[in-house]
Amino acid sequence: MRVTSWPEAERAITLLLLVGLALVPLARPAPYLLHVLIAMILYAAVGQAWNLLGGYAGQLSIGHIMYFGVGAYAAGYLWTAFGVSPWVGILIGGALAAFLGLAVSLISLRYGLRLDYYALFTLAVSQILRTIALNTEAVGEAMGIYIPGGSHNPLMMQFETKTPYYFISLGLLAAITFVIYAIHRTKMGAYLAAIRENEAAAEASGVNTVFYRAACTSLSAALTAAAGAVFAVYTTFIDPDLVLGIGPNFEFLLVAIVGGRGTLFGPILGAVLLRSISETSRVALGAAPAGFHLMVYGAALIAVVLFVPQGLAGVVRAVWANIGRRGVRDNPQVT
Amino acid sequence: MQTDLLTFLQYVANGIVLGGVYGLVAVGLTLIYGVLKIINFSHGELVMGGMYVSYWCFVLWRIDPYVSAVISMTLFFCIGAVLQRYVVEPIMPAPQINQILLTIGVGLFLTNLAMVLFSPDTRTIHVSYATTTISFWGVLVSIPRLVSFVVAMVLSLGLYLFLRTTRLGKAVRAAAQDREGAQLVGIGARQVFIIAFGIGAGMAAVAGSLLTPFYNVQPTAGVPFVLTAYVIVVLGTMGNFLGALVGALLIGVAESVGSYLFSPALRQLVSFSIFIGVLLFKPEGLFGGKAS
Amino acid sequence: MSLLAVEHLTKRFGGLVALSNVTITVNQGEIVGLIGPNGAGKTTLFAAISGFLRPDMGSVRFKEHDITGLHPHRICQLGMARTFQLVQPFVGLSVLENVTIGAFNRTGSTLAARSRASEILEMVGLSQRQHDTASALTPAERKRLEVARALATAPDLLLLDEVMSGLTPAETAQVMDLVRQIRDRGITVMTIEHVMQAVMKLADRVVVLHHGEKIAEGTPATIVQDPAVIEAYLGQGDSRA
């Protein structure tokens, strides 16, 4: 039995999952399956971006979809109204979202919004944005934006098959995961963990909590927006409910929580599980009653919070610890 | 000029009437928060549940919503009690983030349970007196709304008296101040929590029933309620009964007047803006320090 | 050269005056004891000095900088560290991770921070526990962890808040030894304590607070005989002196 520490095991599992996902197209899956996987990967990407802020830094941003929506609308609008390439749209959307995240963070810090108030604040802001989108003619109000697709124009992120989108999404997921990986081994990662565990103690230890919280929020926001932009271009249609609604909002949250926040591969597992549930229920129950999978999600969330707060990743870790008969000898998980 | 003022007053009246029902929702929520110190994200779904109870009672057995309100109150009192005992109680010592996630999960589950059971279709009921109105110096108020308002106010008053005068009520208030305080009155903290959640849920369900005559019944009806209810509760100071009522009336009127001055679509924007304003500038609410 | 100069520090909470016109200087290399009956304002003073509270009046100068009203992390970066009366560990993290966070105050390198943390843990005697989660430590160990984390920030001035409360005599002696080691490393120490014997043996100078005011200052020997001090403690029913 190789003598590994949990961080090494975590790294290996994450790599395995990403490589595994990269190899899937070799099996020439049906377009429908590819579609399901792309959605799953994008959800994992957002969950992972949320994980940086909510898992590692411990900030309960439950209105996180606002950043997703900003990215989606930015890319969609710039493309349809000005012909700006979605590749650029990703950057612009990311920048806008980063700015929004900075504002949210600084406002909540300036006014001392803690925990539940901060959570409500983010939720309120996200729904304000949704209402604004619903009432803004330029972005199609309730009709949303229809983004033409299907032609072949790589510079404009237009492809005729799904496979390129698959790799773009996977690339994004890998990039976000790598960002988290890179951060959590450095000073910033340690400082975010400190903020998560005990903000007063962090300040007393020299951590500039305002700076690090704001930086983390902005970064997480930008990454979320990137996923939103890719989502918009791939699905070719966005509207306020799709990219700013409460339903998808909680789904992103669940991906990270059920999968295991504060871990490298948690959100990936979470997305796999949750999307499998929704697809299975869709298939098994024929035309499944709308909302069935969400009902299961709700039950899953309750179960996780009550019985397995560390999520799926926690379960994996427990199994791993048992296999090697390892206790808490190694560096304990930062969760 | 006369008609403009009249129209404006019309909206104010509508706002007050709606605010009364909001008050019932908010009072339940502030009670739960005051005693249990948890944010109940499933509160809107409890309102929605009450709506469906009254809807089906009316459609199946022709029971008037004001009568079936009693049924929904009792039913959801029990549901609330069960939720507290088996789902919320284990999570109470855990970090707040877990509690928030738990109630989000409950809300998510209930919303979609309703969607599965009753389909996402919007339903309405038509009581015989749906379109009757009564006039107050030229301002027309629809009878169903007025009745709902009155019932909501009566129930709120009843709850207030219950909390102030009965032994159980005092235990609940004591628990809000200090978890151990309830024990002094001889009633275990666990029972007090169960009762508090049950009452909160029951009030929400009644509010739902009272809304059925003039509100669209759908599985997602609860979602806007949670946020509005929280705006009200924060505005009126978390845990403050009177504050919840005052806040509800204010928000009801603000939303109504907002939809008159701007557009109906923006009514939620009004309460959100107020919310943000309160969070930033007066997070302790209108009534300062907590008082149950 | 005074390392820390607190002048006319006043702090009010609503109608309550927690600190009133407190003036204290701490010189390089000293161990200064801060004592006083319960509620005298000692922890409040620490909070005001280290940036957790903003004083209503007065100033705090540290190493010739005016640090009044600065954020705690900035003050820590300037070289002042503190411990909390009710220990505040990073509960979910390991002992090593706890101290490493403190060590990052002086470096950006994870390797450097970690090695410094190991060294500090060696010094406070927590090396065997370094991979254990902070939540698994005994109260006495948690206090040492708190001190270790503060030391890792490489302070010139260390504010210790009741690091000896609740310890057995053997543990107390160990902590006293540690404080002396800290001073030998060139770190100035100001310590709040109720364990009188310890303070009297350790401190070069003692400052006494009562009802938010400084009522006496001097060597342990003089303090013990100061009538105002005796009065303050007798009035509180505290017999250890």
A:F231 being open to solvent by 20 Å² or more (accessible area, probe 1.4 Å) and over 22 Å from A:A175 (Cβ atoms) = no
Restricting attention to the range B:128-140, does a residue exist that is within 14 Å of another protein chain (Cβ to nearest Cβ) and out of contact with any Pro (no Cβ under 6 Å at 6 or more places or on another chain)?
-> no
Sort through A:V233, A:V258, A:V272, A:V207 and tell me the only one that's assigned to a helix (DSSP H, G or I) and within 14 Å of another protein chain (Cβ to nearest Cβ).
-> A:V258
Among the residues listed as B:I71, B:I79, B:I104, B:I38, the single one being under 28 Å from A:L254 (Cβ atoms) and more than 9 Å from chain A (Cβ to nearest Cβ) = B:I79
Can you confirm whether the range A:285-303 contains a residue that is within 30 Å of C:L93 (Cα to Cα), away from chain B (no Cβ under 13 Å) and not aromatic (F, W, Y)?
-> no
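Looking at this structure, is B:A94 within 30 Å of A:S281 (Cα to Cα), within 12 Å of chain A (Cβ to nearest Cβ) and open to solvent by less than 50 Å² (accessible area, probe 1.4 Å)? Let's see the steps before the verdict.
On the way: within 30 Å of A:S281 (Cα to Cα): no; within 12 Å of chain A (Cβ to nearest Cβ): yes; open to solvent by less than 50 Å² (accessible area, probe 1.4 Å): yes.
No: the conditions fail for B:A94.
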Do we find that A:T217 is of a type in the set (V, I, T) and crowded, with 18+ Cβ neighbours inside 10 Å in this structure?
-> yes
For the range B:94-110, does any single residue satisfy the condition of being in contact (Cβ under 8 Å) with a residue 24 or more places away in the chain, part of a loop (DSSP other than H, G, I, E, B), out of contact with any Gly (no Cβ under 9 Å at 6 or more places or on another chain) and not aromatic (F, W, Y)?
-> no
Exclusive hit being open to solvent by less than 30 Å² (accessible area, probe 1.4 Å), assigned to a helix (DSSP H, G or I) and modelled with pLDDT of 80 or more, set B:V270, B:V253, B:V246 = B:V270
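Rundown of residues vs (1) open to solvent by less than 10 Å² (accessible area, probe 1.4 Å); (2) farther than 30 Å from A:P154 by Cα, yes/no style:
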| residue | (1), (2) |
| --- | --- |
| A:L91 | no, no |
| A:A95 | no, no |
| A:L102 | no, yes |
| A:G112 | no, yes |
| A:A119 | yes, yes |
| A:S126 | yes, yes |
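Could you tell me how many of the residues in the range B:196-215 are among the β-branched types (V, I, T) and modelled with pLDDT of 90 or more?
Of the residues in the range B:196-215, the ones among the β-branched types (V, I, T) are B:199, B:206, B:212.
From what's left, modelled with pLDDT of 90 or more: B:199, B:206.
Within the range B:196-215, residues that are among the β-branched types (V, I, T) and modelled with pLDDT of 90 or more number 2.
What do you reckon, is A:A174 open to solvent by 50 Å² or more (accessible area, probe 1.4 Å) and among the small types (G, A, S)?
Details: open to solvent by 50 Å² or more (accessible area, probe 1.4 Å): no; among the small types (G, A, S): yes.
In short, no.
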If you check A:Y146 against the conditions, is it of a type in the set (F, W, Y), loosely packed, with under 15 Cβ neighbours inside 10 Å, more than 14 Å from chain B (Cβ to nearest Cβ) and touching a Phe, Trp or Tyr at 6+ places or on another chain (Cβ under 9 Å)?
-> yes
Mind checking whether some residue in the range A:276-292 is modelled with pLDDT of 90 or more, of a type outside the set (V, I, T) and farther than 22 Å from A:S126 by Cβ?
-> no
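Residues are listed down the side, and each one gets a yes or a no for (1) within 14 Å of chain A (Cβ to nearest Cβ); (2) under 17 Å from the mean Cα position of the chain (by Cα):
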residue	(1), (2)
C:G29	no, yes
C:S50	yes, yes
C:M57	no, no
C:V60	no, yes
Residue check: is A:V283 open to solvent by 40 Å² or more (accessible area, probe 1.4 Å), more than 24 Å from A:G171 (Cβ to Cβ) and in contact with a helix residue (DSSP H, G or I) (Cβ under 9 Å, 6 or more places away or on another chain)?
-> no
Among the aliphatic types (A, V, I, L, M), within 8 Å of chain A (Cβ to nearest Cβ) and in contact (Cβ under 8 Å) with a residue 40 or more places away in the chain - does that describe any residue in the range C:65-83?
-> yes
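Yes or no, residue by residue, for (1) within 18 Å of C:D156 (Cα to Cα); (2) in contact with a Gly (Cβ under 9 Å, 6 or more places away or on another chain):
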| position | (1), (2) |
| --- | --- |
| C:S2 | yes, no |
| C:A40 | no, yes |
| C:P72 | yes, yes |
| C:F84 | yes, no |
Scanning the range C:109-130 for residues that are facing chain A (nearest Cβ under 10 Å) and of a type in the set (S, T, Y), which turns out most open to solvent (accessible area, probe 1.4 Å)?
-> C:S109
What are the residue pairs meeting all of these: first residue in the range A:176-195, first residue more than 10 Å from chain C (Cβ to nearest Cβ) and farther than 17 Å from C:R114 by Cα, second residue part of a helix (DSSP H, G or I) and basic (K, R), Cβ atoms under 9 Å, and 6 or more apart or on different chains?
-> A:Y181/A:R11
Scanning the range C:134-173 for residues that are surrounded by fewer than 20 Cβ atoms within 10 Å (Cβ to Cβ) and among the β-branched types (V, I, T), the one nearest to C:M196 (Cα to Cα) turns out to be C:T172
Name the helices (runs of 4 or more DSSP H) wholly within the range C:1-108 that hold at least 1 residues that are open to solvent by 10 Å² or more (accessible area, probe 1.4 Å) and within 28 Å of C:L234 (Cα to Cα)?
-> C:42-49
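The values are calculated or read from the model by the stated rules, or taken from the named source; none is laboratory data. No experiment lies behind these values; they were computed from the predicted model shown. With ideal geometry, Cβ positions are generated from the backbone for all residues, glycine too; neighbour counts draw on all protein chains shown. For the accessible areas, the whole protein counts, side chains as well, though only heavy atoms, and no ligand, DNA or RNA atoms are used. Shrake-Rupley method; radii C 1.70, N 1.55, O 1.52, S 1.80 Å.
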